[in-house]
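Asks: Would you mind keeping the following structure in view while I ask a few things?
The values are calculated or read from the model by the stated rules, or taken from the named source; none is laboratory data. Please read these numbers as outputs of a predicted model, since none were measured by experiment. Every residue, glycine as well, gets a Cβ built from its backbone with ideal geometry; the counts of neighbours run over all protein chains shown.
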Amino acid sequence: MSRWLKILFAFLVFIGTSLPAVAQLQFETRAPFALLMDYQSGTVLFQKQADARMEPASMAKMMTIALTFRMLKNGSLSMDDEFFISEYAWREGGAGSGGSTMFAELNSKVSVENLLKSVIIQSGNDASIALAEGIGGTEETFALMMNEMAQEIGIKSSNFTNSTGLPDENMYVTARDLANLARYIIREFPQYYAIFSEPSFEWNKIKQSNRNTLLKMGIGVDGLKTGFTESSGYGEVVSSAQGGRRIIAVLHGMETMKQRSEEARKLVSWGTRSFENLLAFENGEIVNRVPVYGGEISHVGLVGEGAISLYLPKGSRKCLSAKIIYSSPILPPVEAGDQIAKLQISCNKQIIQTTPLFAEQSVARGNLVRQATDALKELALGWI
């Protein structure tokens, strides 16, 4: 760690409170909802209404894709398996529906591979419903499976009611959840990820180009999903590996397809070009320790998910300050790997980065003497 970083982290302040939203720094977007995340660390570099509920439109199909990928990976499904195009799939998602479609024929059978390619490349609603019915029996059951998986992988502020993202007042997502879902897909299913960057897909003699127009812009974008309904506006989840560093961007609620493309390009380009990467802590290196009240040990170390790098706007080193944010008191049991804090980096009092911090080891409940002593501390500090 460099000398100036050592000085910075020597004055870490611990605050028992919730984390405020990241302030905009040297970047503005017309998108009502936006988030920019570093893929490797999960560090949030920019956010705007990232935790507000929004209608997902076809970006909900990312959950359909993730669930299908998982079943392919664990062997319970094969790319060669064929699913039926039911009347419901044909009527709600086919050519006559007016939405994005694969143009699959009624009562035909289509392989999982081709259905997946349609969902990813064409955003086919008929293909999404066919996958849902083929896997879950009904789309309603598939939605339950989607929500169950979402909870398992940490997508906890969203609710899915169908496989397509077609409007439903009970279906909602957040920009943060979509970014984390994209990160999960990229990390867990690299063998399938290349489908997202395929330029086109043809079915029933109808060739359709990939709806992600950023793929052709030369800014390293190789996924993931666009979305649009009249009520939600235009949105997109994108990932770029330009310059050897992968970032994930989410934008939603824009007025036109052109505005979506331009705002996404601006955010990705800013995230790629405007930051310098400085290593702050090695993999497993303890950032600091926080008290565990009533635990068998009094403090637990905080570590990152791998090495912790600072992604700083260029020219901002002299303005930096750092805090560790956590909710007090931390009570046992604590499991190794539990996220219990966040590292907050600010420049001139504007938050420019948040990085999750995890328990370095497990902490069980302490003996009665330890619990009684710490209970007195909690009482004195007004926590109980």
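Asks: Would a scan of segment 259-269 turn up a residue that is of a type in the set (K, R), surrounded by 23 or more Cβ atoms within 10 Å (Cβ to Cβ) and at pLDDT 95 or above? Walk me through how you get there before you give the answer.
Replies: First, the residues of segment 259-269 that are of a type in the set (K, R): 260, 265-266.
Next, only the ones that are surrounded by 23 or more Cβ atoms within 10 Å (Cβ to Cβ) stay: 260.
Now drop any that are not at pLDDT 95 or above, which leaves 260.
The answer is yes; a qualifying residue exists.
Asks: Residues that are part of a strand (DSSP E or B) and of a type in the set (F, W, Y): does segment 223-231 have at least one? First the steps, then the outcome.
Replies: At the first step, the residues of segment 223-231 found to be part of a strand (DSSP E or B) are 223-229.
Then keep just the ones that are of a type in the set (F, W, Y); that gives 228.
Yes, segment 223-231 contains at least one residue that is part of a strand (DSSP E or B) and of a type in the set (F, W, Y).
Asks: If you don't mind, another one. Just to be sure I understand the filter: pairs with C-beta atoms under 7 Å, separated by 6 or more residues or on different chains, first member in segment 346-358 and assigned by TED's automatic domain parsing to the domain that holds V334 and at pLDDT 80 or above, second member outside any strand (DSSP E or B) and crowded, with 20+ Cβ neighbours inside 10 Å. Which pairs pass?
Replies: T354/V22; T354/T43; T355/T43; T355/G304; L357/V287; L357/G304
Asks: Determine which member of the set A179, A132 is within 23 Å of A89 (Cα to Cα) and part of a helix (DSSP H, G or I). If you could, list the steps in order and put the result at the bottom.
Replies: Details: A179 fails: within 23 Å of A89 (Cα to Cα).
Answer to the selection: A132.
Asks: Being over 30 Å from L343 (Cβ atoms), surrounded by 18 or more Cβ atoms within 10 Å (Cβ to Cβ) and among the aromatic types (F, W, Y) is true for just one of F33, F69. Which residue is that?
Replies: Details: F33 fails: over 30 Å from L343 (Cβ atoms).
Just a single option satisfies the conditions, and that option is F69.
Asks: Right, another one. Identify the single condition in (1) in a strand (DSSP E or B); (2) farther than 28 Å from K225 by Cα that I297 does not satisfy, given that it satisfies every other one.
Replies: I297 satisfies all of (1) in a strand (DSSP E or B); (2) farther than 28 Å from K225 by Cα except (1).
Asks: Pull out all pairs, ordered by first then second residue, where Cβ-Cβ is under 9 Å, the residues are six or more apart or on different chains, the first lies in segment 283-294 and is part of a strand (DSSP E or B), and the second is modelled with pLDDT of 90 or more and among the acidic types (D, E).
Replies: R289/E360
Asks: Across segment 29-86, what is the total count of residues that are in contact (Cβ under 8 Å) with a residue 24 or more places away in the chain and either at positive phi or part of a loop (DSSP other than H, G, I, E, B) (or both)? First the steps, then the outcome.
Replies: Going residue by residue through segment 29-86, those that are in contact (Cβ under 8 Å) with a residue 24 or more places away in the chain are 29-73, 77-86.
Subset that is either at positive phi or part of a loop (DSSP other than H, G, I, E, B) (or both): 29-32, 39-43, 49-53, 55-57, 77-81, 85-86.
Matching residues across segment 29-86 total 24.
Asks: Do we have K258 as in the same structural domain as G220 (by TED's automatic domain parsing), under 26 Å from the mean Cα position of the chain (by Cα), touching a residue at least 60 places away in the same chain (Cβ under 8 Å) and assigned to a helix (DSSP H, G or I) here? Talk me through it step by step, then tell me what you get.
Replies: Details: in the same structural domain as G220 (by TED's automatic domain parsing): yes; under 26 Å from the mean Cα position of the chain (by Cα): yes; touching a residue at least 60 places away in the same chain (Cβ under 8 Å): no; assigned to a helix (DSSP H, G or I): yes.
No, not satisfied.
Asks: Can you name the residue in segment 144-201 that is among the aliphatic types (A, V, I, L, M) and out of contact with any helix residue (DSSP H, G or I) (no Cβ under 8 Å at 6 or more places or on another chain) and, of all such residues, is nearest to A31 (Cα to Cα)? I'd like the intermediate steps shown before the answer.
Replies: At the first step, the residues of segment 144-201 found to be among the aliphatic types (A, V, I, L, M) are 144-146, 149-150, 153, 155, 166, 171, 173, 175, 178-179, 181-182, 185-186, 194-195.
Filter again for out of contact with any helix residue (DSSP H, G or I) (no Cβ under 8 Å at 6 or more places or on another chain), leaving 175, 179, 194.
Working: A175: 11, A179: 15, A194: 27 Å.
Among residues in segment 144-201 that are among the aliphatic types (A, V, I, L, M) and out of contact with any helix residue (DSSP H, G or I) (no Cβ under 8 Å at 6 or more places or on another chain), the one nearest to A31 (Cα to Cα) is A175.
Asks: Considering (1) in a loop (DSSP other than H, G, I, E, B); (2) surrounded by fewer than 17 Cβ atoms within 10 Å (Cβ to Cβ), say which one L278 fails and leave the rest.
Replies: (1)
Asks: What number goes with the only condition from (1) of a type in the set (K, R); (2) crowded, with 16+ Cβ neighbours inside 10 Å; (3) touching an Asp or Glu at 6+ places or on another chain (Cβ under 7 Å) that K314 does not pass?
Replies: Result: K314 passes all but (2).
Asks: Check whether at least one residue in segment 311-333 is of a type in the set (K, R), closer than 20 Å to I219 by Cα, in a loop (DSSP other than H, G, I, E, B) and in contact (Cβ under 8 Å) with a residue 24 or more places away in the chain, and report yes or no. Outline the logic, then answer.
Replies: Taking segment 311-333 and keeping what is of a type in the set (K, R), we get 314, 317-318, 323.
Now narrow it down to the ones that are closer than 20 Å to I219 by Cα: 314.
From what's left, in a loop (DSSP other than H, G, I, E, B): 314.
Then keep just the ones that are in contact (Cβ under 8 Å) with a residue 24 or more places away in the chain; that gives 314.
Among the residues of segment 311-333, at least one is of a type in the set (K, R), closer than 20 Å to I219 by Cα, in a loop (DSSP other than H, G, I, E, B) and in contact (Cβ under 8 Å) with a residue 24 or more places away in the chain, which makes the answer yes.
Asks: Which pairs do you get when a residue that is at positive phi, found in segment 150-166, comes within reach of a residue that is modelled with pLDDT of 95 or more and part of a loop (DSSP other than H, G, I, E, B), reach meaning Cβ atoms under 7 angstrom, with the pair 6+ apart or on two chains?
Replies: These pairs meet every condition: G165/P56.
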